[in-house]
Amino acid sequence: MPLFGKKDSGKKAKSKDMKELSKQVSIEEKYNLHGLLGTGAFSEVRLAESKDTPGDHFAVKIIDKKALKGKEESLENEIRVLRRFSANHFDANCPNGTRLTHPNIVQLLETYEDKSKVYLVMELVTGGELFDRIVEKGSYTERDASHLIRQILEAVDYMHEQGVVHRDLKNLLFSRKTYFTTVLKMTAK
């Protein structure tokens with residue numbers, strides 16, 4: 001089912017959409033949602049634990065549909081791009097079914113939708129934001145800064161090679177809390 005149930009003019013279509021929605025597995029059936037990891041203008045991100053494999057944790061971006069009124073197409077586009085860069089998605093345009101993945105791009109694993117929210121289950125990155133790391137560390141050597149910039153530019157270059165232009169480079173996160181072998185992650189938008 002397309003996001004937001006793509007409205008048709010007849011009641012028959014609405015009834016069909018509602019039946020489809022009720023058949024869908026809910027996020028609560030597969031994940032236990034825990035504490036708040038962050039908030040945005042239209043969403044919040046919560047920690048989630050898999051019910052199938054306890055101990056496996058993920059980040060779930062929960063987007064309120066009411067807050068997105070009139071911007072549904074933007075969300076659909078974001079999800080379409082994230083899916084292209086997910087490990088479980090193969091692009092027919094790529095030779096030999098090549099996976100569109102990059103070590104510096106956060107992976108979208110699954111999507112869920114109910115009447116009021118859209119849920120994006122994503123790879124959990126726990127190292128915090130680049131801005132906070134800069135403030136905490138105080139200063140970076142030229143070598144450290146060039147290493148971080150290289151990671152950002154390699155990810156952006158990879159997206160450009162795939163025909164995607166990133167429109168918002170503010171979500172720069174570290175994969176884990178360490179100052180050694182840091183991997184900077186960003187979302188493909």
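Assess whether residue 87 counts as being at pLDDT below 95, more than 19 Å from residue 113 (Cβ to Cβ) and in contact with a Ser or Thr (Cβ under 7 Å, 6 or more places away or on another chain).
For residue 87, the condition - at pLDDT below 95, more than 19 Å from residue 113 (Cβ to Cβ) and in contact with a Ser or Thr (Cβ under 7 Å, 6 or more places away or on another chain) - is met.
Search segment 127-145 for residues being of a type outside the set (D, E, K, R), loosely packed, with under 11 Cβ neighbours inside 10 Å and assigned to a helix (DSSP H, G or I), and hand back the single one that is farthest from the chain's Cα centre (by Cα).
Of everything passing the filter in segment 127-145, 135 is farthest from the chain's Cα centre (by Cα).
Using the structure shown, decide if residue 158 is over 25 Å from residue 44 (Cα atoms), assigned to a loop (DSSP other than H, G, I, E, B) and at pLDDT below 90. Please lay out each step first, then the result.
Details: over 25 Å from residue 44 (Cα atoms): yes; assigned to a loop (DSSP other than H, G, I, E, B): no; at pLDDT below 90: yes.
So residue 158 does not fit the description; no.
State whether the residues of segment 7-18 include one that is modelled with pLDDT of 70 or more and over 14 Å from the mean Cα position of the chain (by Cα).
Within segment 7-18, none of the residues are modelled with pLDDT of 70 or more and over 14 Å from the mean Cα position of the chain (by Cα).
So how many residues does segment 37-50 have that are aliphatic (A, V, I, L, M), without any contact (Cβ under 8 Å) to a residue 60 or more places away in the chain and more than 19 Å from residue 65 (Cβ to Cβ)?
Looking only at that region, the number is 1.
When the residues of segment 114-126 are filtered to those that are within 23 Å of residue 102 (Cβ to Cβ) and in a loop (DSSP other than H, G, I, E, B), which remaining residue is modelled with the lowest pLDDT?
Only one residue fits best here, namely 126.
What are the residue pairs meeting all of these: first residue in segment 59-75, first residue under 28 Å from residue 128 (Cα atoms), second residue assigned to a helix (DSSP H, G or I) and of a type in the set (Ser, Thr, Tyr), Cβ atoms under 8 Å, and 6 or more apart or on different chains?
Correct list of pairs: 68/74.
Restricting to segment 48-66, what's the tally of residues that are surrounded by 12 or more Cβ atoms within 10 Å (Cβ to Cβ) and either of a type outside the set (A, V, I, L, M) or in a helix (DSSP H, G or I) (or both)?
9
Answer with yes or no whether residue 69 is modelled with pLDDT under 55, basic (Lys, Arg) and exposed (fewer than 14 other Cβ atoms within 10 Å of the Cβ).
So residue 69 fails the test.
The values are calculated or read from the model by the stated rules, or taken from the named source; none is laboratory data. Just so it is clear, the structure is predicted and the values come from calculations on it, not from any experiment. Quick reminder, even Gly has a Cβ in these numbers, built from the backbone with ideal geometry, and neighbours come from all protein chains shown.
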